[in-house]
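**Student:** One structure, pasted below without further comment.
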Amino acid sequence: MSISGDGPGLSKAKRRLGRYLTGAGLLMLAFSIAYQWAAGFFAGEDVTFLQAVHVVVETFTTTGYGEQTRFWVDHPPLLALSILMQLTGVTTVFLTLPLFLVPLVEDALRTAPPTTSTHTDHVVICTFTPRGDALVDELDSMDVPYVILEADRDRAEELYGEGYEVVHGDPEAIESLEAANAAEALAIVADDDDETNASIILAAKQAAPDARVVSLIEDPEVADYHRYAGADRVVSPRRLLGESLAGKATTSISSELGDAIEIGEDFEVAELLVQRGSPVEGRTIAESGIGQVTGANVIGAWFTGEFVSPPAPDAVIDEHTILLVVGREKQLEELRALTLSSARRFRRGTVIVAGYGEVGSTAAETLASAGVPHLVVDKQDKPGVDLVGDITDPQTLSEANVTEARGVLLALDNDTTAVFATLVSERVSEETEVIARANETESIAKLYRAGADYVLALSTVAGRMLASTVLDEEVIAPQSQIEIVRTHAPGLVGRTLAGADVRARTNCTVIAVERDGRLVTEIAPEFRVKADDDLIVAGVDEDIYRFNEQFG
């Protein structure tokens with residue numbers, strides 16, 4: 001990579017210094033003329049202009065005086081002029097000059113971000129957002145190179161200092177995309193506001209006609225415009241987030257399994273939210289006896305927002321734990337019953353949807369499609385809103401009859417408000433479940449500590465959606481953080497899973513094997529892999545990558 005020269009910030013500092021030096025020069029010129037005139041008018045001394053300039057420079061820099069001072073003592077106006085020049089000089093040289101020089105020196109000393117990239121088969125991410133950060137994590141885990149094209153120099157420099165692969169340039173400019181080697185990229189991701197993304201798409205298609213262009217949108221109504229501009233895929237994470245939250249609100253308050261992901265005939269993956277007071281709450285994974293009692297297999301779990309796969313046998317299941325399980329439908333239904341609280345199992349109230357933006361309106365539509373009664377609360381009175389009010393106000397919750405509600409679905413666009421709304425809801429009705437949206441992953445833990453039962457971050461959903469779209473791979477659910485792949489493993493042929501120590505070496509779980517056209521789901525540690533077997537393996541991206549490296 002090459003290193004850039006003067007950036008916008010450096011040029012600005014130089015312009016400020018230039019204006020300062022020009023102003024200081026004019027000030028000294030004015031004092032030189034004034035001194036030459038004053039010496040002749042008050043003291044009758046014939047002082048040349050060069051001598052006058054010399055006196056002014058000596059005064060400004062406080063380096064001392066020569067023979068010129070001999071006639072000052074008898075002429076107060078000259079002394080007053082000398083005092084004025086000294087004060088002005090100290091202010092100009094010693095107090096003001098550093099304000100202009102220090103930024104210039106700092107700019108000269110700091111390392112500038114690169115302006116070109118030599119990567120190939122990489123992903124060009126146009127501007128950096130929390131969604132892009134989640135995508136970077138996904139790409140890193142799969143060892144896929146990337147380049148962030150960032151227009152703001154300070155931001156680009158900050159990212160470069162933090163170890164990100166970054167190129168400083170305008171993602172709307174063809175030249176910058178060419179500098180990021182977009183023509184050799186796997187994909188170009190437009191991740192800015194909807195209007196800017198349209199401009200990025202047009203530039204990307206000109207700079208790299210054959211590259212795949214993926215665009216994120218906030219407003220689903222602009223999708224057609226982005227496709228017309230040339231986007232190969234248009235991704236709307238807010239809609240998926242709303243659907244996912246509504247799906248969790250529907251299934252978490254019933255004994256029905258809900259939307260499980262089908263791997264094979266009668267073999268599924270599902271998320272199960274553990275409720276307060278359920279039979280498995282307070283027990284470790286080992287003590288719960290989930291596998292022995294139901295036959296289902298726990299392949300992952302969220303503990304207060306942190307995903308672990310596979311969970312340790314001594315990990316404690318609490319009321320905020322979400323189990324990611326695999327098994328046959330009957331097994332999963334039996335396990336579902338163990339995660340439900342008898343106090344909550346038969347609640348028949350509505351689901352309160354707080355916030356009627358893109359996420360909230362999608363959630364409401366999904367609930368309506370599922371036949372689940374719901375009540376929409378928003379601060380603004382607009383079509384689709386049933387109750388106008390502030391969800392952080394206990395009075396609003398009382399008007400929404402929260403004590404009889406199935407749950408509260410927080411689709412708010414501000415994480416701080418969501419945290420406070422969770423606290424208020426828990427205080428007003430502790431038995432009502434809270435399912436919350438978070439914009440930033442850093443807010444997930446706060447929401448769980450505040451009492452939320454289930455939290456899903458927009459950045460996580462967007463990152464997973466982008467990864468699966470950019471790399472054209474199938475994941476079980478963009479929000480699950482786990483990948484299930486069907487793969488051939490020649491490195492395991494003739495070996496048992498226990499003998500190869502698959503889980504300890506890779507953190508992955510072999511959940512099924514496709515053999516001779518049928519799906520084998522009873523996978524014991526002594527299971528021996530044959531040459532024609534296709535293994536169905538579950539794990540996070542980096543673990544799947546490790547599995548393929550060792551056995552693929």
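**Student:** Which members of segment 278-322 meet the condition of being more than 30 Å from GLU442 (Cβ to Cβ) and either open to solvent by 50 Å² or more (accessible area, probe 1.4 Å) or in contact (Cβ under 8 Å) with a residue 60 or more places away in the chain (or both)?
**Tutor:** PRO279, ALA286, GLU287, GLN292, VAL293, ASN297
**Student:** Let me ask something else about it. Got at least one residue in segment 121-139 being farther than 17 Å from ALA190 by Cβ and not acidic (Asp, Glu)?
**Tutor:** The answer is no; no qualifying residue exists.
**Student:** So, THR396, is that one open to solvent by 20 Å² or more (accessible area, probe 1.4 Å) and farther than 18 Å from ALA246 by Cα or not?
**Tutor:** On the way: open to solvent by 20 Å² or more (accessible area, probe 1.4 Å): no; farther than 18 Å from ALA246 by Cα: yes.
For THR396, the condition - open to solvent by 20 Å² or more (accessible area, probe 1.4 Å) and farther than 18 Å from ALA246 by Cα - is not met.
**Student:** Specify which of the listed residues (ALA538, ALA504, ALA500) is small (Gly, Ala, Ser), under 30 Å from GLY463 (Cβ atoms) and crowded, with 17+ Cβ neighbours inside 10 Å. It would help to see each step written out before you state the result.
**Tutor:** Values: ALA504 fails: crowded, with 17+ Cβ neighbours inside 10 Å; ALA500 fails: under 30 Å from GLY463 (Cβ atoms).
Exactly one residue qualifies, and that residue is ALA538.
**Student:** On to the next question. Hey, can you tell me all the residues within segment 399-428 that are over 18 Å from TYR448 (Cβ atoms) and either open to solvent by 70 Å² or more (accessible area, probe 1.4 Å) or without any contact (Cβ under 8 Å) to a residue 60 or more places away in the chain (or both)?
**Tutor:** Here is the first cut: in segment 399-428, the residues over 18 Å from TYR448 (Cβ atoms) are 399-406, 413, 428.
Result: GLU399, ALA400, ASN401, VAL402, THR403, GLU404, ALA405, ASP413, VAL428.
**Student:** Just need a number here: residues in segment 203-219 that are open to solvent by 20 Å² or more (accessible area, probe 1.4 Å) and within 14 Å of ALA462 (Cβ to Cβ).
**Tutor:** First pass over segment 203-219, keeping only residues open to solvent by 20 Å² or more (accessible area, probe 1.4 Å): 205-206, 209-210, 212, 218-219.
Adding the requirement that they be within 14 Å of ALA462 (Cβ to Cβ) leaves 218.
Number of matching residues: 1.
**Student:** I'm told ILE352 meets every condition in (1) out of contact with any Gly (no Cβ under 8 Å at 6 or more places or on another chain); (2) under 18 Å from LEU245 (Cβ atoms); (3) outside any loop (DSSP other than H, G, I, E, B) except one. Can you identify the failing condition by its number?
**Tutor:** (1)
**Student:** Further, regarding this structure: Can you pull out the residues in segment 141-162 that are without any contact (Cβ under 8 Å) to a residue 12 or more places away in the chain and either assigned to a helix (DSSP H, G or I) or touching a Gly at 6+ places or on another chain (Cβ under 7 Å) (or both)? Spell out the reasoning first.
**Tutor:** Going residue by residue through segment 141-162, those that are without any contact (Cβ under 8 Å) to a residue 12 or more places away in the chain are 152, 158, 162.
Hit for segment 141-162 is GLU158, nothing else.
**Student:** While we're on this one: Which residue pairs have Cβ atoms closer than 7 Å, lie 6 or more positions apart in sequence or on different chains, and pair a first residue in segment 365-387 that is open to solvent by less than 40 Å² (accessible area, probe 1.4 Å) with a second residue that is among the charged types (D, E, K, R) and part of a strand (DSSP E or B)?
**Tutor:** Listed by first residue and then by second, the contacts come to VAL385/ASP378.
**Student:** A further question follows. Within segment 376-384, is there a residue that is of a type in the set (A, V, I, L, M, F, W, C) and over 27 Å from the mean Cα position of the chain (by Cα)?
**Tutor:** Of all residues in segment 376-384, those of a type in the set (A, V, I, L, M, F, W, C) come to 376-377.
Right, trim to over 27 Å from the mean Cα position of the chain (by Cα) and you get 376-377.
Checked segment 376-384: at least one residue is of a type in the set (A, V, I, L, M, F, W, C) and over 27 Å from the mean Cα position of the chain (by Cα).
**Student:** Turning to a different aspect of this structure: Show the residue pairs meeting these rules: Cβ distance below 6 Å; 6+ apart or different chains; first residue within segment 523-534 and under 20 Å from VAL326 (Cα atoms); second residue among the charged types (D, E, K, R) and open to solvent by 80 Å² or more (accessible area, probe 1.4 Å).
**Tutor:** ASP534/ARG486
**Student:** Next question. Let me confirm something: among GLY64, GLY25, GLY18, GLY5, which residue is surrounded by fewer than 16 Cβ atoms within 10 Å (Cβ to Cβ), of a type in the set (Gly, Ala, Ser) and modelled with pLDDT of 80 or more? Before the answer, list the steps.
**Tutor:** On the way: GLY64 fails: modelled with pLDDT of 80 or more; GLY18 fails: modelled with pLDDT of 80 or more; GLY5 fails: modelled with pLDDT of 80 or more.
Exactly one residue qualifies, and that residue is GLY25.
**Student:** Separate question: Please go through segment 510-522 and pick out each residue that is in contact (Cβ under 8 Å) with a residue 40 or more places away in the chain and under 16 Å from ILE299 (Cα atoms).
**Tutor:** Result: ILE511, ALA512, THR521.
**Student:** Can you confirm whether segment 273-286 contains a residue that is of a type in the set (S, T, N, Q), at pLDDT below 70 and more than 26 Å from the chain's Cα centre (by Cα)?
**Tutor:** Step one: of segment 273-286, the residues of a type in the set (S, T, N, Q) are 275, 278, 284.
This time we only want the ones that are at pLDDT below 70, so: none.
Within segment 273-286 (the criterion being of a type in the set (S, T, N, Q), at pLDDT below 70 and more than 26 Å from the chain's Cα centre (by Cα)), the answer is no, since none of the residues qualifies.
The values are calculated or read from the model by the stated rules, or taken from the named source; none is laboratory data. It should be emphasised that the depicted structure is a prediction, and the values quoted were computed from it without experimental measurement. Virtual Cβ from ideal backbone geometry, glycine too; neighbours counted across all protein chains shown. Remember, those area values only see protein heavy atoms, side chains included, never the ligands or the DNA or RNA. Shrake-Rupley method; radii C 1.70, N 1.55, O 1.52, S 1.80 Å.
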